[in-house]
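Heads up, the thing below is written out as structure tokens.
Just so you know, all these numbers are worked out from the coordinates, no wet-lab data involved. Remember, predicted model here, so these are calculated numbers, not experimental data. For neighbour counting, all protein chains shown are included, and Cβ atoms are generated from backbone atoms with ideal geometry for every residue, glycine included.
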Amino acid sequence: MKTLTTLGLLLGTVAVSHATFFNTVDFSAVDEAATPVNVGQSFTVLGNSYTASFSSFAIASPRQAIDVVWKFDFDTTQATLNSPVSAPYIAVKQTLSGRVRRTTGSGSVNVEADLTEQILNSLGQTVANAGNTNSFAGSTDDVTYLPFSFSLTTSFPALTAGQAQKNNLVIRTSADTEVIVDSIKQEFTAVPEPATMAMLGAGLLGIAARRRRK
């Protein structure tokens with residue numbers, strides 16, 4: 001148990017979260033007829049994550065889908081108030097979360113979403129592309145919302161600054177349903193600091209030596 005505790009503390013040290021500078025340069029949402037939709041967005045930063053939250057992102061009859069474009073710059077070299085300079089990033093996990101319910105009666109509900117991610121370096125050059133199709137199915141009524149969550153992880157060469165671009169299509173795939181998207185969260189993975197990695201390595205060697213002595 002003591003060995004596991006020691007390892008947990010070391011891993012916890014590696015997972016220390018840094019903050020960075022994020023700035024949205026473009027955000028738009030349109031329905032299937034390319035008509036702009038006001039989804040009431042707000043943006044928050046917490047450590048290595050940048051989240052767009054929505055207050056009125058609903059898809060129900062006659063609307064069938066909403067296409068969301070979100071582009072933002074990130075810079076790990078710009079320290080802000082209470083935000084230390086962070087290590088470069090090597091990956092980002094995008095998570096789209098929402099709810100779905102029937103608008104009449106009870107029965108099956110379905111939701112689909114195409115998620116994409118494109119990462120550009122500070123020179124505007126594309127260094128990574130990723131995309132996937134997600135689906136959710138369940139059964140509910142016209143009162144109870146079922147939560148759903150879709151994710152996409154994109155790896156890229158270590159960057160201290162660049163731009164993330166996404167073009168997500170969220171589709172209401174079953175009749176008599178309402179889909180509400182609550183947020184799109186971006187969680188970046190930082191390169192572990194050398195000193196921290198050295199500490200982790202020393203700790204693991206110490207654990208191995210202790211086991212051999214036993």
Criterion: more than 17 Å from the chain's Cα centre (by Cα) and among the polar types (S, T, N, Q) - qualifying residue of Thr95, Thr77: Thr77
Would you mention how many residues in region 140-161 are crowded, with 16+ Cβ neighbours inside 10 Å and over 22 Å from Ser183 (Cα atoms)? 4
How about region 162-185: which of its residues are of a type in the set (D, E, K, R), crowded, with 20+ Cβ neighbours inside 10 Å and over 19 Å from the mean Cα position of the chain (by Cα)? Arg172
Against the condition over 23 Å from Ser53 (Cα atoms) and among the small types (Gly, Ala, Ser), how does Ala91 come out, does it pass? no
Scanning region 121-143 residue by residue, those more than 18 Å from Leu96 (Cβ to Cβ) and of a type in the set (Val, Ile, Thr) turn out to be Thr126, Val127, Thr140, Val143
Are any of the residues in region 66-76 buried (at least 18 other Cβ atoms within 10 Å of the Cβ), in contact with a Pro (Cβ under 9 Å, 6 or more places away or on another chain), touching a residue at least 24 places away in the same chain (Cβ under 8 Å) and within 29 Å of Leu123 (Cβ to Cβ)? yes
